[in-house]
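Sharing a structure here in structure tokens format.
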Amino acid sequence: MKYPRMLRIKQHFDGPRVDDVAGEVERQLSALDLGGKIKPGETVAISAGSRGIANIALIIKSAVEHFQSLGAVPFIVPAMGSHGGGTAEGQRAIIEAYGITEEYTGAEIRASMETEIVDETPQGIPVHFDKHAYDADHVLVCGRIKPHTGFVGEIESGLLKMMLIGLGKHEGAKIYHRAILDYSFGEIITAVADSVLQKCGIVAGLAIVENADDETALLEAVAPENFVSREKELLKLAKQWMPRLPFDDVGLLIIDEIGKDISGSGMDTNVVGRKYGDHVSTDKDDVSVKRIFIRGLTYETHGNACGLGLAEFTNTRTAESVDRSITSINALTGGHPSAAAVPVYYDSDREVLDAALPTVGLTDPEHARVVHISTTLHVGEVLVSEAYLTELEARDDLEVLDGPHDMQFDAEGNLAAVAEKPATVGTH
């Protein structure tokens, strides 16, 4: 089979960047004058989630230092629903892999799956909250605000979801995802957030927004009474600054890696156009991708392949690297069993391409519209097929770095990752 030749391109995105992360955390938290609420010796639980957020270890460390400067005793709580296999040890390992260690941050990590049921919503839903956080005198909710991969609304993924799913741990995540089958996400998240804000000692939020280059774009300390209103405003900025594919019509999307550190769905459905259906793009999606080929899992996901089921193709090495128990627990807890499904797979990437390219339509494989990315978080530099050449020439936000060149394979017939520049650049 003749494969399309590829060009390496760079996307130029608009969006701010925070250069002094530690200083900005201190400035933001200081602006809330928390010393008027927190007495020396009191404990402050700081939430740490399972996403691969830029500078997250430094952000958490800086928050710890701020509370220590007030004479408080901060500690860190893994806040990630059912991730890490739904175990305290697994969740601690996830945040430590991000550099959030006791040695680096100067704060104790208190990991547990035990929760307190602190209330019941008007819908009759029990409100779960991490026991260590509940026992603390105060709680700082720290999390990234971004479009959710499955829900649509004025509030999607952010501080409120961290209180709902993250600090609700496995038990809370299970009941809330079940409740979503009967009530809207908006109804549940606001009802649970109301209870948590009233009963769980939330002293502040630290909102993080990233730009399309996977950099910290904004850090903002938010007073509890402003969580709802401010999160709605920050979500608009997050959508404006989020990463996107260079083209909105793709025959085959090749993704080097997916993982829970990249997105709750392994790959961001807002980026790949699978938010409303596992294997089809709808008129609500911003991009249309006919077929997805996933080449691997990130190290940080620890075998959690939740989201693999959204792709049509993968390879044997990826299929065999899946931790079925961890993946199933996460997919079932999230109410999305098909996310744990295993796509069609072959031993080598060449074999996958031979099977996948004829399924994208009437176009000959060598003329297919192919985009190859590292992850859905890293789309600044990508590979695209020659079929996009005319469109490339008309876009001033896209820069051709090299190519066109033949697809690069190793001796086993596996593609080079996007991060690996080709050994030779063909001009034939």
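The values are calculated or read from the model by the stated rules, or taken from the named source; none is laboratory data. Everything numeric here is computed off the predicted structure, so don't read it as measured data. Because the Cβ atoms are built from the backbone with ideal geometry, glycine has one as well, and the counts that use them run over all protein chains shown.
Can you find a residue that is in contact with a Pro (Cβ under 6 Å, 6 or more places away or on another chain) and either modelled with pLDDT of 95 or more or of a type in the set (V, I, T) (or both) anywhere in segment 56-66?
yes
If P224 satisfies every condition in (1) surrounded by fewer than 23 Cβ atoms within 10 Å (Cβ to Cβ); (2) touching a Gly at 6+ places or on another chain (Cβ under 8 Å); (3) at pLDDT below 85; (4) of a type outside the set (V, I, T) but one, which is the exception?
That leaves (3) as the condition not met.
Right, G205: touching a Ser or Thr at 6+ places or on another chain (Cβ under 8 Å), under 29 Å from G85 (Cβ atoms), surrounded by 17 or more Cβ atoms within 10 Å (Cβ to Cβ) and not hydrophobic (A, V, I, L, M, F, W, C) or not?
For G205, the condition - touching a Ser or Thr at 6+ places or on another chain (Cβ under 8 Å), under 29 Å from G85 (Cβ atoms), surrounded by 17 or more Cβ atoms within 10 Å (Cβ to Cβ) and not hydrophobic (A, V, I, L, M, F, W, C) - is not met.
Right, next: If I filter segment 357-384 down to residues being over 20 Å from Q408 (Cα atoms) and of a type in the set (A, V, I, L, M, F, W, C), which single residue comes out as modelled with the highest pLDDT?
The residue in question is V360.
Residue-wise test of (1) in contact with a Cys (Cβ under 8 Å, 6 or more places away or on another chain); (2) farther than 30 Å from G36 by Cα.
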{"site": "I175", "(1), (2)": "no, yes"}
{"site": "Y183", "(1), (2)": "no, yes"}
{"site": "I188", "(1), (2)": "no, yes"}
{"site": "A191", "(1), (2)": "no, no"}
{"site": "V203", "(1), (2)": "no, no"}
{"site": "L206", "(1), (2)": "yes, no"}
{"site": "V222", "(1), (2)": "no, no"}
{"site": "R230", "(1), (2)": "no, no"}
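Filter segment 108-130 down to the residues that are under 25 Å from the mean Cα position of the chain (by Cα) and either among the small types (G, A, S) or buried (at least 16 other Cβ atoms within 10 Å of the Cβ) (or both) and list them by number.
Correct list: I109, R110, A111, S112, M113, T115, V127, H128, F129, D130.
State the number of residues belonging to segment 370-384 that are in contact with an Asp or Glu (Cβ under 8 Å, 6 or more places away or on another chain) and not in a strand (DSSP E or B).
4
Now for a different question. Can you tell which of Q68, Q28 is farther than 24 Å from A212 by Cβ and polar (S, T, N, Q)?
Q68
Somewhere in segment 48-56, is a residue in contact with a Gly (Cβ under 7 Å, 6 or more places away or on another chain), surrounded by fewer than 19 Cβ atoms within 10 Å (Cβ to Cβ) and under 22 Å from S265 (Cβ atoms)?
Checked segment 48-56: no residue is in contact with a Gly (Cβ under 7 Å, 6 or more places away or on another chain), surrounded by fewer than 19 Cβ atoms within 10 Å (Cβ to Cβ) and under 22 Å from S265 (Cβ atoms).
So, in segment 59-100, of the ones that are in contact (Cβ under 8 Å) with a residue 40 or more places away in the chain and hydroxyl-bearing (S, T, Y), which residue ends up farthest from L34 (Cα to Cα)?
Checked segment 59-100; the qualifying residue farthest from L34 (Cα to Cα) is S82.
Let me spell it out: the conditions are (1) at pLDDT below 90; (2) in contact with a Gly (Cβ under 9 Å, 6 or more places away or on another chain), and E171 meets all of them except one. Which number is the exception?
(2)
From the list E187, E154, E215, which residue is of a type in the set (D, E) and over 28 Å from L29 (Cα atoms)?
E187
Restricting to segment 121-176, count the residues that are of a type in the set (D, E), under 23 Å from L332 (Cα atoms) and not in a helix (DSSP H, G or I).
Final tally of qualifying residues: 2.
Out of T316, T282, report the one residue that is free of Cβ contacts under 8 Å to residues at least 24 places away in the same chain, assigned by TED's automatic domain parsing to the domain that holds H372 and out of contact with any His (no Cβ under 9 Å at 6 or more places or on another chain).
T282
Has segment 347-356 got at least one residue that is hydrophobic (A, V, I, L, M, F, W, C), at pLDDT below 95 and under 20 Å from G273 (Cα atoms)?
no
Shifting gears a bit: Taking segment 4-16 as the region of interest, how many residues are surrounded by 15 or more Cβ atoms within 10 Å (Cβ to Cβ) and not hydrophobic (A, V, I, L, M, F, W, C)?
Total meeting the criteria: 5.
Of the residues that sit in segment 17-41 and are closer than 10 Å to A63 by Cα and among the aliphatic types (A, V, I, L, M), which one is surrounded by the most Cβ atoms within 10 Å (Cβ to Cβ)?
Filtering segment 17-41 for residues that are closer than 10 Å to A63 by Cα and among the aliphatic types (A, V, I, L, M), the one surrounded by the most Cβ atoms within 10 Å (Cβ to Cβ) comes out as V25.
Just one of (1) of a type in the set (D, E); (2) in contact with a helix residue (DSSP H, G or I) (Cβ under 9 Å, 6 or more places away or on another chain); (3) under 20 Å from A340 (Cβ atoms) trips up D285, so point out which.
Exception for D285: condition (3).
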